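The structure appears below as structure tokens.
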């Protein structure tokens, strides 16, 4: 849970999200050929749903870039894949 905690800490610091959900999808990919031989910590594939005012006025691609920049160290190392769902509170009911 170390990688997931780093993701949570960095995204919280960077975006002060109204909502942040991090799903560890690693178990769905453990059998993939690309994962064989990797130091599999069980923390390689994630889906992040982040709701933040920091995304206001930004395109979907810009939002993804911002998240990727905040997690550059993780994406260069232990994280093999990251799916991002980024929105503002006004775009999501019950945010």
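For the range 41-60, enumerate the residues that are farther than 16 Å from residue 15 by Cα and part of a helix (DSSP H, G or I).
First, pick out the residues of the range 41-60 that are farther than 16 Å from residue 15 by Cα: 41-47.
Listed by number, the list is empty, since nothing qualifies.
Among the residues of the range 5-35, write down those that are part of a helix (DSSP H, G or I), within 14 Å of residue 74 (Cβ to Cβ) and modelled with pLDDT under 95.
26
Please enumerate the residues belonging to the range 66-95 that are touching a helix residue (DSSP H, G or I) at 6+ places or on another chain (Cβ under 6 Å), at pLDDT below 95 and farther than 17 Å from residue 8 by Cα.
95
Name every residue in the range 65-82 that is touching a strand residue (DSSP E or B) at 6+ places or on another chain (Cβ under 9 Å) and outside any helix (DSSP H, G or I), in order of residue number. Explain how you work it out, then say what you get.
Restricting attention to the range 65-82, the residues satisfying the condition of being touching a strand residue (DSSP E or B) at 6+ places or on another chain (Cβ under 9 Å) are 66-68, 71, 74-75, 79-82.
Listed by number, the residues that qualify are 71, 79, 80, 81, 82.
Tell me which residues, restricted to the range 39-65, are at pLDDT 95 or above and over 14 Å from residue 20 (Cβ atoms).
Taking the range 39-65 as the starting set, the residues that turn out to be at pLDDT 95 or above are 47-65.
Once the filter is applied, which keeps residues that are at pLDDT 95 or above and over 14 Å from residue 20 (Cβ atoms), the range 39-65 yields 56, 57, 58, 59, 60, 61, 62, 64, 65.
The values are calculated or read from the model by the stated rules, or taken from the named source; none is laboratory data. What you see is a predicted model; the values in this text were computed from it and never measured. Because the Cβ atoms are built from the backbone with ideal geometry, glycine has one as well, and the counts that use them run over all protein chains shown.
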